[in-house]
Amino acid sequence: MSELPKISVIIPFYNTGESLLRLLRQVLRCGYENLEIICVDDNSSDDSLAQLKRFVKDESEIQIIEQAKNRGAASARNRGLEVATGDLICFLDSDDEISKSFFAKLESAMRGEAILAACGIKQRYLYSRKNILQYVTAAAPRKAGEDFRTYVVRLMTLDGRLYPVVNKIFRADVIRKNKIRFKRNLDFAEDTRFVLDYLDCFEDGLMRFIPSALYVYNYGTPTSTVASSALRWKNWQRSFADVREWARGGGEKRNFYLEKLWLRFRVSHALAVVRSPLSYTEKRQYVGFLEYCGAAILAKIKK
């Protein structure tokens, strides 16, 4: 028996047969000796489930769960959490990719007192064929005397490394004890809400950040919902309200960081619109002229 902690890998999928199999091959090639792979079919309408069943005939590590109705990624991830038996939890998106050292480096970072570990991301824009490396520099250190929640909000003002779940590893006992689940009524930033709910279980804690792009996020796949949901400003407003509620009661200093975070959300929304494959006329339905011009200039600079 391996002495490594068991990692439960939860992968929801819907009509992503070929890319799911590509991801599973990468997961198996990682060589981590104690994996539990849980694939949740969100009632695919094509042959994705049949492809997976043929693939897993000789792969005992892979468990398949079938949803009777299409309920979205949040519901599928929750189904995976219901059956996961691992010591640690990872979530992967079926149309993305991982590096060979993904699990080993995340598990190593969780040793000791760490409550969460996160790695960098290579964001691959399929329609423009551009790659952007994100979160590959050291995270800002915690200031002397800075309380945990203030530090979390400050990190969120600096970059987005805390927002997704797919670049992270979580302690399963905390998720089970506190019955943490994804909110099924959300189609945008439900993963950020999950991270906040998880961090809400700790008064304090050590988070470790790996400055390497171990996860590849393929932006613009046919099954992606982010491209459309990120265009609506009301979704960003609701997500900010979640952060503000989480940070409530932190004093004036945290309010200052919340103001900076509000500005960051506005800029991020405008960038999402500018970077979308929509026409100029379509994009202008979501942002004003000045916002569009500013975001277009910033997008060119960030390239």
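The values are calculated or read from the model by the stated rules, or taken from the named source; none is laboratory data. None of the values given here were measured: they were computed from a predicted structure. Glycine gets a Cβ as well: all are built from the backbone with ideal geometry, and neighbour counts include every protein chain shown.
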### Task
With the condition kept exactly as written, say whether any residue in segment 128-148 is at pLDDT 95 or above, closer than 28 Å to SER48 by Cβ, β-branched (Val, Ile, Thr) and in contact with a Ser or Thr (Cβ under 9 Å, 6 or more places away or on another chain).
no
### Message
Which of the helices (runs of 4 or more DSSP H) found entirely inside segment 1-84 contain at least 2 residues meeting this: surrounded by 14 or more Cβ atoms within 10 Å (Cβ to Cβ) and small (Gly, Ala, Ser)?
### Response
17-29, 73-83
## Note on the structure
Per the filter on segment 116-148, residues more than 20 Å from ARG22 (Cα to Cα), in contact with an Asp or Glu (Cβ under 9 Å, 6 or more places away or on another chain) and either surrounded by 14 or more Cβ atoms within 10 Å (Cβ to Cβ) or among the aliphatic types (A, V, I, L, M) (or both) are ALA117, GLN134, TYR135, ALA139, ALA140, ASP147, PHE148
### Query
Pick from PHE91, PHE148, PHE102: which is assigned by TED's automatic domain parsing to the domain that holds TYR219 and out of contact with any strand residue (DSSP E or B) (no Cβ under 8 Å at 6 or more places or on another chain)?
PHE148
### Restricting segment 149-189 to residues that are of a type in the set (A, V, I, L, M) and more than 25 Å from PHE102 (Cβ to Cβ), the residue that is modelled with the highest pLDDT
VAL153
#### Entry: Scan of segment 137-168 for residues that are within 29 Å of ALA73 (Cβ to Cβ) and not in a loop (DSSP other than H, G, I, E, B), ordered by number
PHE148, ARG149, TYR151, VAL152, VAL153, ARG154, LEU155, MET156, THR157, LEU158, LYS168
### Task
May I ask you to list the residues in segment 1-41 that are acidic (Asp, Glu) and under 15 Å from ASN218 (Cβ atoms)?
GLU18
### Query
Do we have any residue at all in segment 112-125 that's part of a strand (DSSP E or B), within 17 Å of the chain's Cα centre (by Cα) and among the basic types (Lys, Arg)?
yes
